[in-house]
Structures are given as structure tokens and as C-alpha cells.
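Visitor: Have a look at this one before I ask anything.
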Amino acid sequence: MRTAQTAMAASNSPVADVVEAARGIFSKRPPPHKITEKDVEGILTSLERITVAQVGLTKKAGEERCRTERLLRMSPQEQRKSRPPITYHHIYECRDFTVGIFCIPENCDIPIHNHPDMTVCSKVLYGKVHLEAYDKAPDLESSMQALEAPDTLYARKVRDEIISEGDGPVACFSEKANIHRFYAEESCAILDVLGPPYDSGEGREIAYYREIALGELGGLGKRLGNNVVVLQEVSPPNDFVVEGRPYTGEQVGED
Ligand SMILES: [Fe+2]
């Protein structure tokens, strides 16, 4: 678990501090060649201080906890009916980075996806999330066997853990844990700082993947080492929909 340790001057607005910390690195001119863990320490430290109250989610967090308790008494069909959509609460955006919150109901996920040439810092605000993250492993193309299926790549699973509000923020980088999936073990909210933003015009277009089951890989599946997987680029699932919702927490001024 990556936990921020660096002290930073705190203002009266922890949410504004997150934005300022992000500006300090993503709006640097010239931009850093490659962003490292040290570069994002300020963002992680500011994220660690964020509470549901500051981002206007106290009521929703309480409602979701009650709903989760009620779910235990429901049939799977009733559970599906009572499940709200995945929502995104936009907090701040500029040309260099975005800040916002994903609320994911239990047993739903943000499927495996990438962040090309981007850095993402994330903090779970409530609930419980299963985080899986992958590194591309092009070195295995030659040592294992060239993959013949279209749009496939070798990857190593580098994170596979449950994180909750008591855990520190996590980060993914352009070449480290860049591909990830969030699965809500319990209804959860995740505050994301992402820089630079997705922009297909600049080659930063999101791609979704599925992990190919070992059984589908025949003999190759038996020879894959620990934590090595084959990912196939796919269209996002039809039922993966993210609905925008107003952000009602501490406001952040324009730069
Ligand atoms: Fe992501």
C-alpha cells in the first residue's frame, strides 16, 4: 500500500489543497519528463486528509451503508433492482488535470482500463474496493510465444488488494500499474486525480481490456508464470455506464 508521508502546508480547504498539489506537478512548465512516486507525494498527502463531509458525500455514504445492510436480506434479483448507477461527481478540470469522484455500487466495477502517458492518484472515501493493477510485459512476447489473437498483450498483475477508507491513497504511473480495475466489494466512493486528462487528439485515448481465462489460452495458459496474464482489448461492456452527478462539496476556485 502506497501511503503518503510528506508533510505539506494545509489550507482551510482540503479539496482546494488537492487541486493545488495537482497543479504543482501537472501544470509544471516544462512538464516533467516522467512523473515518479516522489513527484506525487504532495497529491497523496492532500488526498489523505479528504473526508466524505468535505466532498458532500456524508448523506450518500450513510445511505449506502444502510442499503448494503438491507441487501443481505434481499434476493439477487431484488439486489440488482435496488442498485443505483455508477456516478461521477466532477470537482475540477483544467487542461493539465482533472479531479472527481466515482461512486460505485457493490458488485459493480470500473472494468480493466488504461491511462496512456498519464498518472492517477486515488483515495477511497468510503466502502471497500478490490484493486487490481497490471504492467504491460512486452518482454514476454519473445521469451514466451508471440500472441496470435488480435489486440492482446502480456501483462503482469502488480497489485491485487482490497482497499478501504482507512487505507492511504494509491497511485498509478505511465509505466507502472497503468492498467487497472476497481471492483466494489462494498458500495464505495473513489476520489481520482488524473493528469494529464484523456485526449484522443494527443494519443491519450482510454482502452478497455478483459483478462483472458487460462482455459482459453490452451497450452500457453499452462506455461504462464505467476501473476502473468493475457489481456485483450475489448469494447466496454454494454452495462458499464457512468452517470454524471452534481458535486456538492467544498468548492474550488478557478486558477
Ligand atoms: Fe482508472
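Visitor: Count the lysine pairs in segment 14-245 whose Cα atoms lie under 20 Å apart, taking only pairs 8 or more positions apart in sequence or on different chains.
Guide: Step by step, the pairs that qualify in segment 14-245 add up to 17.
Visitor: Suppose the chain between N12 and S235 were pulled fully straight at 0.36 nm per residue; how much longer would it get relative to their current alpha carbon spacing?
Guide: 76.0 nm
Visitor: Which of E64, E205, E185 ends up with the largest GNM mean-square fluctuation for the chain, with Cα atoms connected below 10 Å?
Guide: Taking springs between Cα atoms under 10 Å, the residue moving most is E205.
Visitor: While we're on this one: Put +1 on the Cβ of each Lys and Arg and -1 on the Cβ of each Asp and Glu in the chain; which of T248, Y208, A155 then has its Cα farthest toward the positive end of the dipole?
Guide: Selected residue: T248.
Visitor: Given only helices, namely DSSP H runs of n ≥ 4 each adding -39500 (n - 2.57), what is the per-residue ellipticity at 222 nm of the chain, to the nearest 500 deg cm²/dmol?
Guide: My calculation for the chain gives -5500 deg cm²/dmol from helical runs alone.
Visitor: Expected output is a single nm value to one decimal: the length gained when fully extending between A213 and E243, i.e. 0.36 nm times separation in residues minus the C-alpha distance. What is it?
Guide: Stretched fully, the A213-E243 segment lengthens by 7.8 nm.
Visitor: While we're on this one: May I ask which residue of P76, H89, N107 lies farthest towards the positive end of the charge dipole of segment 53-114, with charges of +1 (Lys, Arg) and -1 (Asp, Glu) on Cβ and the Cα centre as origin?
Guide: The residue sitting most towards the positive pole is P76.
Visitor: When only Cα pairs under 8 Å and 6 or more residues apart are kept, what is the percent relative contact order across segment 157-255?
Guide: 24 percent
Visitor: Right, another one. Using 18 Å as the cut-off for backbone N distance, which residues of segment 120-134 belong to the label zone defined by a point 7 Å from the Cα of R204 along Cα→Cβ?
Guide: 120-123
Visitor: Dipole of the chain, Cα-centred, from +1 at each Lys and Arg C-beta and -1 at each Asp and Glu C-beta, to the nearest 20 debye?
Guide: 500 debye
Visitor: Please give me the summed charge of the neighbours of Y208: other residues whose Cβ is under 12 Å from its Cβ, Lys and Arg +1, Asp and Glu -1.
Guide: After counting each charged neighbour, the total is -3.
No value in this document is a laboratory result; all are computed from the given coordinates. This structure is a prediction, so every number in the text was calculated from the model and none was measured. Here the Cβ is made from the backbone with ideal geometry for all residues, glycine too, and neighbour counts use every protein chain on show.
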